[in-house]
Amino acid sequence: MVGALASVADALAADAGQHAETVRSAAERDARAELARANDVAQRMLAEARADGTRAASQQAELDLAAATRQARGTVLAAQRTAYDAVRRRALELLEQRAGSPAGRQLGVLLEHLARARIGPPATVHRTGPGSLGVVATSGNRRAVIGPAELVDAALDALADEVAALWS
């Protein structure tokens with residue numbers, strides 16, 4: 001009987017060993033499959049993180065470029081304003097220096113006629129000061145003032161398109 005039990009025990013042990021091998025193989029397959037799925041998930045997460053990082057870097061680069069463009073435009077506008085102010089100031093100086101010259105006196109007479117024409121025939125016209133190119137015409141509640149600043153501003157306005165072309 002011991003012999004018969006031994007052969008049953010051997011058969012059970014063999015069956016248990018075979019079952020254990022099947023379970024181990026299945027567990028190993030499952031572990032490999034789970035590891036592959038985890039690796040796929042990790043790769044997708046890494047790809048998403050890289051894409052998010054690339055997007056964020058691109059957005060930041062766009063913001064930085066926009067800020068640099070605004071700053072550059074501000075610098076250009078400030079330079080243009082400085083140049084405009086310098087030209088205007090110099091033109092005023094030159095015009096006022098010539099106020100007492102024969103050409104300046106002739107210009108003063110023309111400005112008186114212009115101011116009178118703006119207000120109408122009953123206008124009273126006078127200079128804003130001795131040796132000045134500035135004139136004031138009044139008639140009732142109407143008034144026209146023309147002086148060096150208005151002349152220079154009108155001249156610069158007339159040249160606006162040409163000046164703008166210099167900056168482009």
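Just so it is clear, none of the values below were taken in a lab; they were calculated from the coordinates. The structure displayed is predicted, hence computed values, not measured ones. Every residue, glycine as well, gets a Cβ built from its backbone with ideal geometry; the counts of neighbours run over all protein chains shown.
Limiting things to C-alpha atoms, what are the Rg and the maximum Cα-Cα separation (Dmax) for the stretch 70-144, in angstroms?
Taking only Cα atoms of the stretch 70-144, I get Rg and Dmax of 17.6, 54 Å.
Under 8 Å for C-alpha pairs, at least 6 residues apart: give me the relative contact order for the stretch 123-165, rounded to a whole percent.
On the way: 37 pairs, mean separation 10.5, N = 43.
Averaging sequence separation for qualifying contacts and normalising by length gives 24 percent for the stretch 123-165.
So what's the angle, to the nearest 10 degrees on a 0 to 90 scale, between helix 102-119 and the longest Cα principal axis of the chain?
Compared with the principal axis, the helix lies near 80 degrees.
How do 151, 111 line up, fewest other C-beta atoms within 10 Å first? Working shown, then result.
Numbers: 151 18, 111 23.
In increasing order of surrounding Cβ atoms, one gets 151, 111.
What trypsin sites (Lys or Arg not before Pro) does the stretch 48-111 have in DSSP loop regions with at most 15 other beta carbons within 10 Å?
Values: sites: 50, 55, 70, 73, 81, 88, 89, 90, 98, 105; in loops: 98.
Hits after loop and neighbour filter: 98.
Taking only Cα atoms, what is the 0 to 90° angle, nearest 10, from helix 2-97's long axis to the longest principal axis of the chain?
10
Where Lys and Arg each count +1 and Asp and Glu each count -1, what net charge lies around residue 116 among other residues with Cβ under 14 Å from its Cβ? Can you show the working numbers first?
Working: positive: 118, 127, 142, 143; negative: 112.
Cβ neighbours under 14 Å give a net charge of +3.
Would you mind calculating the relative contact order of the chain from Cα pairs under 8 angstrom and at least 6 residues apart, reporting the percent as a whole number?
Details: 93 pairs, mean separation 21.2, N = 168.
It rounds to 13 percent for the chain.
Of the labelled options (1) 3.06; (2) 1.37; (3) 0.95, which one gives Cα Rg over 2.2 N^0.38 Å as computed for this structure?
Label (1) holds the value from this structure.
By how many degrees, between 0 and 90 and to the nearest 10, does the Cα long axis of helix 148-158 differ from the longest principal axis of the chain?
The answer is roughly 50 degrees.
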